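Visitor: Take this structure, written in structure tokens, and hold onto it; I'll ask about it next.
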């Protein structure tokens, strides 16, 4: 059973604090191993990657075999059922349409001094996307990472996906193809991250690496950060549902289980204004756990990290939600928009009872790569913005330099940066001379 | 003397590659010390911070003395000359005006399926700004970090600035006041970063930490990343000037020196279409170095990392610039806008000979916190965007769920995430009656 809390209990604050600070993830310290792998790939390139792939994925390859050919990709795509193909196409089209609206605008203006100011956005030239192999090889994640990159205008998008024992997921290949991915390599682990960051004879280096992975992949991404850009390092998934009593307990139970089934470290929380409804949801969860395919995982997550919290009113719910800063926030209340206004820290908000979180995982349009572990306090989900960068622009006229240059001279002197000031002084001398 | 390269030389590619990959920074490994300091501050709070402040800054304080009172701040501000005050006010006003244009817009729309989609931006609640003490205590950096945070809507903005031996820079205090900073603490080093990230009895924790610092501060920021957001870890400063022969060599020499004087690890590069002009600039640099206050630093940087590169034409200049991805790019050519179009990787571009880079350091308006070490390939300078985060919004209607829900059910099944699918199925069952 999960924890049951009530905000009117005298020990509520302590219990809620404990819930908030519970460490859900054991991060094994693989940093030393990862450092060695990266150094090896930097030193020996393809040879190192091939050896490590044979060792970890039991897959003997030569350099030419690292990359999937277009024919191979088409062959795998042909194995996908029509039903699945159409579903992936629907998802891709909706994700693309949503992300196209994120493309930022350039700006340029002239201010009172006559100075022209502005900025310009340009795409990252080359990006790499890590796709996990095996069980966690999700075609939906390929769409969610690759489509924003291509919408941003990334010219070269490379995927690495390990294929342990040579097993390939045809849906991942189709998702890559639908997203416009340019290169797909059958490698994984820290060696794939190193190859993307530093390049090998076969794989050209990229400028940015995104995508989920295991502890080795996460440690490798941390290590290559700076040499290339990375997205955030995701923790276990979370959902917070805020629901009043006017909901079907089974729907809410399923929404909670849809996070819990990801991972035993996932966290599913319910905040409700109706204690009886909270109990009914907990009962519905138990019933569903009897038959769910992944009940061991979902049940473990729910038992260890789940909670049902009863509050006095929705304002209190919003205040608690802001302390949790949930990755996914589902608002199953009569006026979800009004409540959303008060919930200022959340990765994604799902408004109303017809919007189960799972819609957002696949076909809603918004990205499903979202900030975990309370990082929605300061960061956002993956978007087109992760694949573009801004260059600021400034152009002084002689008149503008006359107007604002003297202030720069004074501040440069204050900061003892003489050449800074002189670079302005020399020009003003010409203008005033 | 700097390196002189010519793109028509047979060994140019090797020499340019060496220049590109030169490691300019010795990062001392202070990670173990920093880990201890952070653990100490987490365990003992104020007591640890006060001990470390006495040890490193030779400043005995009690908890009440950690924070500057409003009266103390006003006292320091009163010491600033009118001339300096006006210059700081000019800078603050221009930086604020520029950054106000960066505020992102919320979006909300209804698509063909009837689904309502969109996103919403909200400010980070609390931010901390690290300001170095001593020589590198730059009031301009306070403006550049604090104003974007306040424009974004950050409610609580705290500064930490070490005051070794109790020495305070009045201009830093005035910059903080002009920027609307809420709290100023006289602490520094890794202990200040730990206090901002985890909080102490006196200092409430923040959600995001920005600002430059020494190796200890940088290591501490890396360590607290995840618990809080951080800005990038800046490397030594760089400038690339692309100039044709129609410029005053002394102006360009001063622009190069205005980066070189920051730090012996700074890098100043000139690319020119006119070899004779390149030599004239190098001569002008030598002449200026005879008298510059910081000639030891500027001369060291120029000798060790400076370069004058002659190219065939401006297209070649742009191609080299994109490989360098400079932090600062000055375009002193007849049509700087046309050249800027081709220079796609740069932190900030300064257009035309009347726009010395130093203008951008103080009063131009754009931010002077910019991506170094080639990271302009994948990242941007500091902006309002660093202090806001985006929440995606989705609201399905029953009709929208009917239209797109089945695709989600199919993909959930493909990914073996049964509860994901069932959360949609349960709702569709009700709709389909």
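Visitor: Which one of the conditions (1) more than 30 Å from residue A:403 (Cα to Cα); (2) crowded, with 16+ Cβ neighbours inside 10 Å; (3) more than 8 Å from chain B (Cβ to nearest Cβ) does residue A:138 fail to meet, given that it meets all the rest?
Guide: (3)
Visitor: Here is a further query. Give A:363, A:308, A:384 a once-over and let me know the one that is at pLDDT 95 or above, at the interface with another protein chain (Cβ under 8 Å from one of its Cβ atoms) and surrounded by 23 or more Cβ atoms within 10 Å (Cβ to Cβ).
Guide: Selected residue: A:363, the only one of A:363, A:308, A:384 that is at pLDDT 95 or above, at the interface with another protein chain (Cβ under 8 Å from one of its Cβ atoms) and surrounded by 23 or more Cβ atoms within 10 Å (Cβ to Cβ).
Visitor: Determine, yes or no, whether residue B:85 is touching a strand residue (DSSP E or B) at 6+ places or on another chain (Cβ under 9 Å) and more than 8 Å from chain A (Cβ to nearest Cβ).
Guide: no
Visitor: Could I ask something else about it? Within the range B:193-221, which residues are over 20 Å from residue B:24 (Cα atoms) and part of a helix (DSSP H, G or I)?
Guide: B:193, B:194, B:195, B:196, B:197, B:198, B:220, B:221
Visitor: Answer yes if at least one residue in the range A:274-297 is in contact with a helix residue (DSSP H, G or I) (Cβ under 8 Å, 6 or more places away or on another chain) and under 25 Å from residue B:127 (Cα atoms), and no otherwise.
Guide: For the range A:274-297, residues in contact with a helix residue (DSSP H, G or I) (Cβ under 8 Å, 6 or more places away or on another chain) and under 25 Å from residue B:127 (Cα atoms): absent.
Visitor: Within the range B:341-351, can you find the residues that are more than 16 Å from the chain's Cα centre (by Cα), at the interface with chain A (Cβ under 7 Å from one of its Cβ atoms) and either under 27 Å from residue B:139 (Cα atoms) or crowded, with 24+ Cβ neighbours inside 10 Å (or both)?
Guide: Within the range B:341-351, B:350, B:351 meet the criteria.
Visitor: Could you tell me whether the range B:146-160 includes any residue that is closer than 23 Å to residue A:400 by Cα, crowded, with 18+ Cβ neighbours inside 10 Å, in contact (Cβ under 8 Å) with a residue 24 or more places away in the chain and within 11 Å of chain A (Cβ to nearest Cβ)?
Guide: No: zero hits.
Visitor: While we're on this one: Listed residues A:91, A:123; which is in contact (Cβ under 8 Å) with a residue 60 or more places away in the chain and closer than 30 Å to residue B:354 by Cα?
Guide: Only one candidate qualifies: A:123.
Visitor: Could I ask something else about it? Only one residue in A:331, A:240, A:320 is in contact with a strand residue (DSSP E or B) (Cβ under 8 Å, 6 or more places away or on another chain), within 29 Å of residue B:225 (Cα to Cα) and in a strand (DSSP E or B), so which one is that?
Guide: A:240
Visitor: Next question. Quickly run through the range A:224-240 and pick out the residues that are more than 17 Å from the chain's Cα centre (by Cα) and within 11 Å of chain B (Cβ to nearest Cβ).
Guide: A:226, A:227, listed by residue number.
Visitor: Taking the condition of being in a loop (DSSP other than H, G, I, E, B) and in contact (Cβ under 8 Å) with a residue 60 or more places away in the chain, how many residues in the range B:280-313 meet it?
Guide: 3
Visitor: Please verify whether the range A:116-123 includes one or more residues that are in contact with a helix residue (DSSP H, G or I) (Cβ under 7 Å, 6 or more places away or on another chain) and either facing chain B (nearest Cβ under 7 Å) or in a strand (DSSP E or B) (or both).
Guide: Among the residues of the range A:116-123, at least one is in contact with a helix residue (DSSP H, G or I) (Cβ under 7 Å, 6 or more places away or on another chain) and either facing chain B (nearest Cβ under 7 Å) or in a strand (DSSP E or B) (or both), which makes the answer yes.
Visitor: Tally up the residues in the range A:389-404 that are more than 7 Å from chain B (Cβ to nearest Cβ) and either surrounded by 23 or more Cβ atoms within 10 Å (Cβ to Cβ) or at pLDDT below 95 (or both), please.
Guide: 1
Visitor: Can you name the number of the only condition in (1) facing another protein chain (nearest Cβ under 7 Å); (2) within 16 Å of residue B:388 (Cβ to Cβ); (3) assigned to a loop (DSSP other than H, G, I, E, B) that residue A:371 fails?
Guide: Failed condition: (1).
The values are calculated or read from the model by the stated rules, or taken from the named source; none is laboratory data. Because the structure is predicted, anything quoted here is derived from the model rather than measured. Because the Cβ atoms are built from the backbone with ideal geometry, glycine has one as well, and the counts that use them run over all protein chains shown.
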